[in-house]
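Note sheet for the following structure.
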Amino acid sequence: MVIAEVPKLASAAEYFFKMGVEGKRFRPTVLLLMATALNVRVPEPLHDGVEDASATELRTRQQCIAEITEMIHVASLLHDDVLDDADTRRGIGSLNFVMGNKLAVLAGDFLLSRACVALASLKNTEVVTLLATVVEHLVTGETMQMTTSSDQRCSMDYYMQKTYYKTASLISNSCKAIALLAGQTAEVAILAFDYGKNLGLAYQLIDDVLDFTGTSASLGKGSLSDIRHGIITAPILFAMEEFPQLRTVVEQGFEDSSNVDIALEYLGKSRGIQKTRELAVKHANLAAAAIDSLPENNDEDVTKSRRALLDLTHRVITRNK
Amino acid sequence: MLIYRGLSRISRISKKTPFGRRWLPSHPLLSGASHSAAAAAADSSVKVLGCREAYSWSLPALHGIRHQIHHQSSSVIEEQLDPFSLVADELSILAKRLRSMVVAEVPKLASAAEYFFKMGVEGKRFRPTVLLLMATALNVRVPEPLHDGVEDALATELRTRQQCIAEITEMIHVASLLHDDVLDDADTRRGIGSLNFVMGNKLAVLAGDFLLSRACVALASLKNTEVVTLLATVVEHLVTGETMQMTTSSDQRCSMDYYMQKTYYKTASLISNSCKAIALLAGQTAEVAILAFDYGKNLGLAYQLIDDVLDFTGTSASLGKGSLSDIRHGIITAPILFAMEEFPQLRTVVEQGFEDSSNVDIALEYLGKSRGIQKTRELAVKHANLAAAAIDSLPENNDEDVTKSRRALLDLTHRVITRNK
């Protein structure tokens, strides 16, 4: 009903579902694979009456987690895009700015409310808690990014914490939710959580690298959008450890694009990119280890899914776009 | 016991129904409050249900209207029943807990989230008051300390859970306020700078999300999936109502049905569903839960309708002294909708919009000529009566606290109608 009445709202909400960024439907893919890997058969149609009915129902509920996860993710994207007045002074038309903000807030709220109702329908309070905590983490992560002090911006610990909140929490907690719905033990649920968390962190670290390197192995061919927005990511943080002078540049900020060039120079001289890749590999390996620690299972679908999850830990590292 | 109120306000007409009370407003704006009606009240047979019914709003003749007063302590005689003071102590406990529940790691987020929970800015705390009264009215004793071990432990636990509903309700409410202010580009709220104005739109949005997530976590901790569903639905209703308000077509803006639906979503759903949640937590039957729901819903609707009137009349009885903020924002409320029924020409003005303030003046003129204000008040009264009827239908209970709370809830149905600010 609401969608029919509010075409604009629908387009706003759908826009991000259509967006072709890499990692599109990445999360749902992981979650569905996890569901199978934890020994829930994708139910065959027209088979075995009752048994498949409950398997079907479980699968449906787990699919619901995937849907909820996407709604929460997109809602956070929409809300993250809300601009403050300061941004209008950079020449954004005021009407667009106003409508853009309103639509962003409303569409995000719409998605969040749908996610809430869907969560409630699962009738599992632990799952509700997990995913509600994710929303809190997303907000905390975004706020951390917006409001850093100088020391915090230059701190690797702060950065990793922020990255967990902003990127990894959603996928780690939803993996855990998948496990809980499947009635798995707490240990298995933690393994699922660990997989999601380390995969998410690895993903983000490579993302940071690609922002500098783009599709080429060399520096500066990437979009450089992080640094231009004053967002200090892992490669720069590592470079600062080797070259403390870089910190002065960072503190000056990057509105002056000559500072960007200086930073890139330091980055090139440092092992910042390599160290970030190494850290990503470390997390990818931890994710793989979590899958390997899952209780043995000889079912064909289960082993296929687990191999696929392992394959993903490889792909997040080797992707170059 | 008699509670003697300002005579100019209300005279009571009672009908011979089990629900003895009906309010007919004799507000200055409304002529026709009849003293004869009050005289008729003298003959009424007001049944005293289990509640210690002793409202008498009538006039000089106090005779005959006091009836079976179920023995009560003498304290009842002097008591000016103030619903808010009945729960004041509990409310401060809630307020403290609420403040601690919205503490965040990130300092800016913490200040943003706490913004409206600071002392002095908590708003009227109307909703928590209703909910705490409802909890008592549904026969949950406010537990005595150091008594009866197990029994009180259970009562305490239930009470805590119901208080939690009140806290969750406030968090959801404030979250929606924060977002609405961003949507409205509002500068002020509750007499202070709105959060978005003070700290920026983005932080206001994030703080709202944060509160919502805390509410969800608190909700989950109650481990009652029906309650979770109820309050999750509220969140969806709030968004739907706001969307309905922002995106109306011309026909919709001029439709009373659409307006009432939107008002339910935006205002009444929160309180109706949380009242119902209170009942469910108390283990009440579905019928009682529905009565609690009906009370909240009708109270909320009555509240909003009077709110609409006050936006025009302000603290004065006459038109145009109110802030007129609804109409200036192009929000068409009940008085105008009623006026449009009498004066179709008004619709043309409405369709032109109100950015031109001369249109506001024209609309006010039509409104003054019409019975729009009166009809809105009458509709509010109708809903207040429905709310009162719901309380009257609750299962009998002689417990002193229960009857006090039910009286307080009834009193609230009166206050929402008669308030003038």
Can you sort B:393, B:269, A:270, B:325 by how many other beta carbons sit within 10 Å, fewest first?
B:325, B:393, A:270, B:269
Given a Förster radius of 30 Å and the C-beta distance between residue A:320 and residue A:190 as r, what FRET efficiency does 1/(1 + (r/R0)^6) yield to the nearest 0.05?
0.40
Partner shielding of A:129-136, taken as the mean number of other chain Cβ atoms within 10 Å, equals 6
Could you tell me which of the pairs A:197/A:269; B:96/B:421; B:223/B:276; B:96/B:202 are separated by over 19 angstrom between their Cα atoms in the structure shown?
A:197/A:269; B:96/B:421; B:96/B:202
Neighbouring Cβ atoms within 10 Å as the yardstick, rank A:262, B:271 fewest first.
A:262, B:271
Using 1/(1 + (r/R0)^6) with R0 = 41 angstrom and r between the beta carbons of residue B:89 and residue B:342, what's the FRET efficiency to the nearest 0.05?
0.25
Put a dot 7 Å past each Cα toward the Cβ at residue A:289 and residue B:246; how far apart are the dots in nm?
4.7
Please compute the modelled spin-label separation between residue A:265 and residue B:286, points set 7 Å along Cα→Cβ, answer in nm with one decimal.
7.6
What FRET efficiency comes out for residue B:401 versus residue A:118 if R0 is 60 angstrom and r is the Cβ-Cβ distance? Round to the nearest 0.05.
0.95
Sort B:211, B:231 so that the residue with the fewest other Cβ atoms within 10 Å of its own Cβ comes first and the one with the most comes last.
B:231, B:211
Between the alpha carbon centres of the stretch A:219-259 and the stretch B:328-392 the gap in Å comes to 59
What spacing in nm lies between the two simple spin-label points modelled at residue B:261 and residue A:274, each 7 Å away from Cα in the Cβ direction?
6.6
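The numbers here are math on the coordinates, done by the rules we state, and not lab data. None of these values were measured; they are calculated from a predicted model. FYI the Cβ positions are ideal-geometry reconstructions off the backbone, even for glycines, and counts take in every protein chain you see.
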